[in-house]
Each structure stands twice: as C-alpha cells, then as structure tokens.
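K.L.:
Let me begin by handing over the structure; questions about it come next.
The values are calculated or read from the model by the stated rules, or taken from the named source; none is laboratory data. Predicted, not measured: the structure shown is a model, and the values here were computed from it. In this analysis, Cβ positions are derived from the backbone assuming ideal geometry, glycine residues included, and neighbour counts consider all displayed protein chains.
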Amino acid sequence: MDTSAAFVTVLCILMCLESTGSSSKGPIGFSSIDHSGGKVVIENTSSGRHAKSQNIGGWHLVKIVNTLTTVDIVLKDFELNAGHSFTVWAKGAKDKATVDNEQISDIFSFGVGDGIWKVLDEEGNKHAFITV
C-alpha cells in the first residue's frame, strides 16, 4: 500500500470512530434520546471526590443529519449538579416546564431517524456526542 492510500485508510478509520457510538469530554454526557423526537436528556456523570457541578447556560444542543444542522438549541442558565440530569423537550411533546431541570424548545419536534447529537459550550467546544 502506498503512502497516500495508507493515509486515506487511517483517515477513514478516524472518521468512523468519531461518528459512531457516543463520547464525552468531562462530566457532561447524554443520558437518553427520545427516538420519536420529543426530548433529549443530558446528565452530569461526575461523582465521588471528583464530583462537580457545571453551568450549562449558553451551551448548545445540536443535531446534525447528513451534514446539516437540523436542531440548535441554546440552553438556559442552569447549574447541572453532579449525578443529575437536564431534559430538553420539543415544543410538540411538552408545552410548559414543570421543574427547574428542564427546558422547552421552540422546535415542535426534533425529528426522527439517524443523526448526530452534540453538546457544545458557548465557544463551540464539544463536550459530548452520540450517534442515533
């Protein structure tokens, strides 16, 4: 195999690793994705002596389908404590927040089918992603 073919092979492997499964950098990750497009739950997985809260205000919850951003929600100012979760609801699934750790988006449905969800901070740094 020549050098350019080897480079392309390695690049394809790295892209496949990035786009399958799930990953998080730090304590924020995905807890669940409603496949009917109704809600997304993120969580703070830190625990023990390393447990810390994380303010997610101004962060973005983003869904990408076929390289197009189909959902981009700016999260409200909220301190997500260690071991707790935060739910973002589609407007069509729930019309009013009933607890502090949830937010109703202006989007009627997050859509169904495959896509990549990401949690990005206000500077665009990726903290978590999951492929569904």
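K.L.:
Might you check whether a residue that is out of contact with any helix residue (DSSP H, G or I) (no Cβ under 8 Å at 6 or more places or on another chain) and at pLDDT below 50 occurs anywhere in the range 21-30?
P.N.:
Within the range 21-30, none of the residues are out of contact with any helix residue (DSSP H, G or I) (no Cβ under 8 Å at 6 or more places or on another chain) and at pLDDT below 50.
K.L.:
Moving to a separate point now. Among the residues of the range 101-123, write down those that are in contact (Cβ under 8 Å) with a residue 60 or more places away in the chain and of a type outside the set (Ser, Thr, Tyr). Don't jump to the end; show me each part of the working.
P.N.:
The first filter runs over the range 101-123 and keeps only residues in contact (Cβ under 8 Å) with a residue 60 or more places away in the chain, leaving 109-112, 116-117, 119-122.
Selection gives Phe110, Gly111, Val112, Ile116, Trp117, Val119, Leu120, Asp121, Glu122.
K.L.:
With respect to Val99, is the statement that it is at pLDDT 95 or above and more than 19 Å from the chain's Cα centre (by Cα) true? First the steps, then the outcome.
P.N.:
Numbers: at pLDDT 95 or above: yes; more than 19 Å from the chain's Cα centre (by Cα): yes.
Considered against the rule, which asks whether it is at pLDDT 95 or above and more than 19 Å from the chain's Cα centre (by Cα), Val99 comes out as yes.
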